[in-house]
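First the structure, in the form of structure tokens, and then the observations on it.
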Amino acid sequence: MARTGTLPIVLTGVFITILDFFIVNVAVPSIQSDLHASTAAVQWTVAGYGLAYGSGLILGGRLGDIFGRRRMFAFGLALFTLASVACGLVPDAATLVAARVAQGASAALLAPQVLAILRTAYSGHAQVRAINFYALTMGLAAVFGQLIGGLLIQANLLGMGWRACFLINVPIGVAALAMTRRMVPESRPDGAVRLDLGGAALVTLALVAALLPLIEGREQGWPLWTWLSPATAAALFLAYARRRHESPLIDLTLFRERAFTAGLLTQLAFTMGMAAYFLIFALYVQEGRDLDALQAGLTFVPIGAGYLAASLLAPRLVARFGRQVIAFGGLTRALGLVLLLLAVSRDAPIGWLVPALAIDGIGMGLALAPIMGTVLARVAPHHAGAAAGVLTTAQQVGGALGVGIVGIVFYGSLPGGVAHAFQHGLVYLIVVTLAIAGLVQLLPRTTVKRDAASPAGASSPGAKALSHK
């Protein structure tokens with residue numbers, strides 16, 4: 001059963017793993033200057049973390065089932081803290097990329113244990129409340145990561161500069177780790193579960209093959225391997241689909257459920273736009289508008305304010321309008337991005353960007369918060385646990401793919417200037433965001449009960465479904 005400190009401890013793990021995907025954005029110019037990093041290295045600093053994180057989540061969840069969720073949470077937290085030390089002390093860009101990949105792999109061990117712990121440690125209304133806080137924590141870490149990064153770089157604690165963005169995890173990780181054994185209950189499912197290492201290898205290699213040409217191709221002039229790599233990824237995914245294992249990492253019968261497949265595509269579209277947007281916007285305001293890291297971080301405050309307000313309002317809207325709230329969120333985001341594109345094209349003062357940024361944040365809150373709960377509410381209860389794992393994986397992989405694709409657009413347009421490149425990136429983001437409104441229509445027309453929504457966007461039916469593993 002849960003103890004008084006269970007929720008804060010496990011949510012601390014969620015917060016730092018999501019934070020570290022986004023906090024690096026405002027540090028990119030400083031990293032490039034200090035480590036003489038190439039554009040590919042910069043993209044790998046962001047996308048490498050997301051790829052390792054996303055491709056390892058399902059395997060990490062299975063390890064928690066086998067060895068115990070608290071034990072794997074603690075192990076992942078310890079490794080994440082050590083990897084953060086490595087990120088903060090690296091001598092060059094190549095070492096930073098390697099340390100970021102290690103950090104993402106550690107996060108993949110830690111993160112999937114959180115939902116499992118919440119499902120087993122809490123029940124009834126307490127479980128719904130815990131999952132509400134889980135969803136809200138994820139969103140706030142993503143939106144305010146840039147501001148936190150700017151504050152740390154500006155403060156220049158002990159002369160650490162951008163390195164503080166990683167080293168700040170060390171005291172937090174050590175403190176959480178010290179309290180994990182006493183505050184977090186251990187749990188594991190009944191019955192034997194076997195580890196599918198072959199399946200994990202196939203999925204990981206397939207994801208790397210899909211992402212690698214997006215990041216390296218433009219800089220290397222699109223050699224032959226960059227065209228063969230996507231075919232290799234498809235072949236590896238097909239090989240995984242054809243193999244048989246008594247405890248598969250991914251239950252392929254999930255994809256027979258329309259609600260799950262449509263929800264997965266919606267999740268991918270959203271995260272492909274969100275992570276990529278935060279990266280190029282941070283580059284634009286620093287390199288195109290000559291803002292320092294703190295000023296750049298402050299430009300994210302209107303997004304955060306809009307996101308927080310919409311996240312708190314979304315549950316009541318979902319209870320009344322169901323899936324169309326997600327569609328409206330996508331359209332609202334698109335409107336904010338169009339207004340931002342117009343302001344940038346006219347070289348408007350930075351203050352004129354605030355309304356567009358706030359509208360964008362509102363769209364994020366209306367779309368991001370309800371997606372997982374709405375989808376899980378429409379998936380068969382016995383598939384809810386597996387569906388949550390794959391949807392979480394889609395978040396991270398979508399972010400990594402989005403960074404890779406927008407990197408091609410942004411850096412390919414950079415000879416025309418940073419503002420020109422940012423405008424091209426915004427066009428890509430508007431198209432991806434509009435796709436959300438269309439993909440949501442593929443969800444089954446299931447009525448969501450009034451109590452189905454929650455303050456952070458995790459629906460009550462979804463939460464109940466999560467309790468049926």
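The values are calculated or read from the model by the stated rules, or taken from the named source; none is laboratory data. Here the structure is a predicted model, which is why all the values come from computation and not from measurement. Backbone-built Cβ (ideal geometry, glycine too); neighbour counts: all protein chains shown.
Please indicate, with yes or no, whether at least one residue in region 45-60 is at negative phi, among the polar types (S, T, N, Q) and outside any helix (DSSP H, G or I). It would help to see each step written out before you state the result.
Of the residues in region 45-60, the ones at negative phi are 45-60.
From the residues that got through so far, the ones that are among the polar types (S, T, N, Q) too are 45, 55.
Remaining after also requiring outside any helix (DSSP H, G or I): none.
Checked against the condition, which is being at negative phi, among the polar types (S, T, N, Q) and outside any helix (DSSP H, G or I), region 45-60 yields no hits at all.
Evaluated against (1) surrounded by 24 or more Cβ atoms within 10 Å (Cβ to Cβ); (2) closer than 22 Å to LEU283 by Cβ; (3) touching a Leu at 6+ places or on another chain (Cβ under 7 Å), LEU35 falls short on exactly one condition, (1).
Could you tell me whether region 350-367 includes any residue that is modelled with pLDDT under 75 and surrounded by 24 or more Cβ atoms within 10 Å (Cβ to Cβ)?
Within region 350-367, the first condition is being modelled with pLDDT under 75, and the residues that meet it are none.
Within region 350-367 (the criterion being modelled with pLDDT under 75 and surrounded by 24 or more Cβ atoms within 10 Å (Cβ to Cβ)), the answer is no, since none of the residues qualifies.
Report those helices (runs of 4 or more DSSP H) wholly inside region 104-217 carrying at least 3 residues which are within 19 Å of the chain's Cα centre (by Cα). Answer list for region 104-217: 124-155. For ASP20, are the conditions met, namely being in contact (Cβ under 8 Å) with a residue 12 or more places away in the chain, in a helix (DSSP H, G or I) and surrounded by fewer than 19 Cβ atoms within 10 Å (Cβ to Cβ)? No, not satisfied. Please work out which residue is surrounded by the fewest Cβ atoms within 10 Å (Cβ to Cβ), limiting yourself to region 191-239 and to residues that are under 18 Å from ILE405 (Cβ atoms) and acidic (Asp, Glu). So the residue we want is GLU219. Check VAL184 against each of (1) at pLDDT 85 or above; (2) farther than 17 Å from GLY61 by Cα and name the one condition it does not meet. Here VAL184 meets the rest and fails (2).
Would you check which residues across region 332-366 are part of a helix (DSSP H, G or I) and more than 15 Å from GLY306 (Cβ to Cβ) and list them? Full working, then the answer.
The first filter runs over region 332-366 and keeps only residues part of a helix (DSSP H, G or I), leaving 332-345, 350-366.
Passing the criteria: VAL338, LEU341, LEU342, ALA343, VAL344, SER345, ILE350, GLY351, TRP352.
Among residues of region 157-188 being among the polar types (S, T, N, Q) and within 19 Å of LEU118 (Cβ to Cβ), the one that is surrounded by the most Cβ atoms within 10 Å (Cβ to Cβ) is THR180.
Of these, ALA86, ALA98, ALA107, which one is touching a helix residue (DSSP H, G or I) at 6+ places or on another chain (Cβ under 7 Å) and surrounded by fewer than 24 Cβ atoms within 10 Å (Cβ to Cβ)? Lay out the reasoning, then the answer.
On the way: ALA98 fails: touching a helix residue (DSSP H, G or I) at 6+ places or on another chain (Cβ under 7 Å); ALA107 fails: surrounded by fewer than 24 Cβ atoms within 10 Å (Cβ to Cβ).
Going through ALA86, ALA98, ALA107 in turn, the sole match is ALA86.
I'd like the full set of residues that are modelled with pLDDT of 95 or more and outside any helix (DSSP H, G or I), limited to region 66-83. Across region 66-83, there are no qualifying residues.
Only a single criterion out of (1) surrounded by 16 or more Cβ atoms within 10 Å (Cβ to Cβ); (2) over 21 Å from the mean Cα position of the chain (by Cα); (3) not hydrophobic (A, V, I, L, M, F, W, C) is not satisfied by GLY329, namely (2). Somewhere in region 283-300, is a residue in contact with a Lys or Arg (Cβ under 9 Å, 6 or more places away or on another chain), assigned by TED's automatic domain parsing to the domain that holds ALA262 and of a type in the set (Ser, Thr, Tyr)? The answer is yes; a qualifying residue exists.
Take the residues in region 110-121 that are under 17 Å from GLY56 (Cβ atoms) and hydrophobic (A, V, I, L, M, F, W, C), then tell me which one is surrounded by the fewest Cβ atoms within 10 Å (Cβ to Cβ). Ranking the candidates gives LEU115 first.
This table checks each residue for (1) acidic (Asp, Glu); (2) out of contact with any Gly (no Cβ under 6 Å at 6 or more places or on another chain); (3) free of Cβ contacts under 8 Å to residues at least 12 places away in the same chain; (4) within 30 Å of ALA309 (Cα to Cα).
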site	(1), (2), (3), (4)
GLY76	no, yes, no, no
LEU96	no, yes, no, no
LEU109	no, no, no, no
ALA121	no, yes, no, yes
ALA126	no, yes, no, yes
ILE131	no, yes, no, yes
ALA135	no, no, no, yes
